[in-house]
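The structure appears right after this line, and notes come after that.
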Amino acid sequence: MKILIVDDHEETADLLEASASLWGHFADKVYNGRQAMEMLRQHSYDVLITDAQMPEMSGFELCRYARDQFPDMFIIGITGSMEFPKFKEAGADIFFKKPFDFDELEEVLKNVRLASRQQAMSNRGKTIPLNV
């Protein structure tokens, strides 16, 4: 799967990127919400993982933007603050409070991958109309 990681702490972004790669995913990383919006416009992603508190644009704002523009994208929020319920309000599918268990994140990503495969299999052989 293609994952976009957004966190203003480079060490966290690096760790998430390395973990995603280790788990068999392709990951891009950026360090703020504005960079993330640009990446989302230029590339296709299956999953967005975003921190909450970042300069220029919060993860909550980014989550609302992504949910509006890319409704099928799976969104994971991560935060060290007590504001994690705001991710649900912003449209995140799931959220983790730092520090979180990377095994739990890996399990979520496995489930997202499995659901994507099942959806692709159910569309096999169907005619999909094109708006030309």
Report summary line: Relative contact order as a percentage, region 20-65, C-alpha pairs under 8 Å and 6+ apart, gives 36
Report summary line: As straight-line cross-link partners of residue 98, the qualifying lysines (C-alpha separation under 17 Å, not fewer than 8 residues apart within one chain) are 86, 88
Report task. With a cut-off of 18 Å, note down the residues of region 7-26 whose backbone N falls inside the zone around a label point 7 Å from the Cα of residue 44 toward its beta carbon. Result -> 25-26
Report summary line: In degrees rounded to 10, the 0-90 angle between helix 59-69 Cα long axis and the longest Cα principal axis of the chain is 10
Query raised in the report: List the lysines whose alpha-carbon lies under 17 Å from that of residue 2, not counting same-chain residues fewer than 8 positions away?
Result: 29, 110
Report summary line: Cα pairs beyond 25 Å in region 2-123, in percent, come to 14
**Report entry** Positive-end residue, the chain charge dipole about Cα centroid, Cβ charges, pick of 62, 73, 13
**Finding:** 73
Query raised in the report: Once amide H atoms are placed 1.01 Å from N in the peptide plane, what residues at a sequence separation of 5 or more from residue 27, or on another chain, have their amide H within under 5 Å of its amide H?
Result: 3
Query raised in the report: Helix 102-123 versus the longest principal axis of the chain: what is the Cα-based angle in degrees, 0 to 90, to the nearest 10?
Result: 20
Query raised in the report: Could you give the nm distance between label points at residue 72 and residue 94, where each point is 7 Å from its Cα heading toward the beta carbon?
Result: 2.0
Report summary line: Place a point 7 Å from the Cα of residue 14 in the direction of its beta carbon; the residues of region 44-68 whose amide N falls under 19 Å from it are 51
Report task. Round to the nearest 10 and give me the degree value, 0 to 90, for the angle of helix 10-22's Cα axis relative to the longest principal axis of the chain. Result -> 30
Query raised in the report: Among rounded, prolate and oblate, which fits region 5-71 when a ≥ b ≥ c are the square roots of the eigenvalues of its C-alpha gyration tensor, a/c under 1.5 means rounded, and a/b larger than b/c means prolate?
Result: oblate
Requested in this report: Quote the charge dipole size of region 8-101 about the Cα centre in Debye, to the nearest 20; the model charges only the Cβ of Lys and Arg (+1) and of Asp and Glu (-1).
Outcome: 260
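Each value in this text was obtained by applying a stated rule to the coordinates, not by laboratory testing. Here the structure is a predicted model, which is why all the values come from computation and not from measurement. Counting neighbours? That spans all protein chains shown, and the Cβs are built from the backbone with ideal geometry, glycine included.
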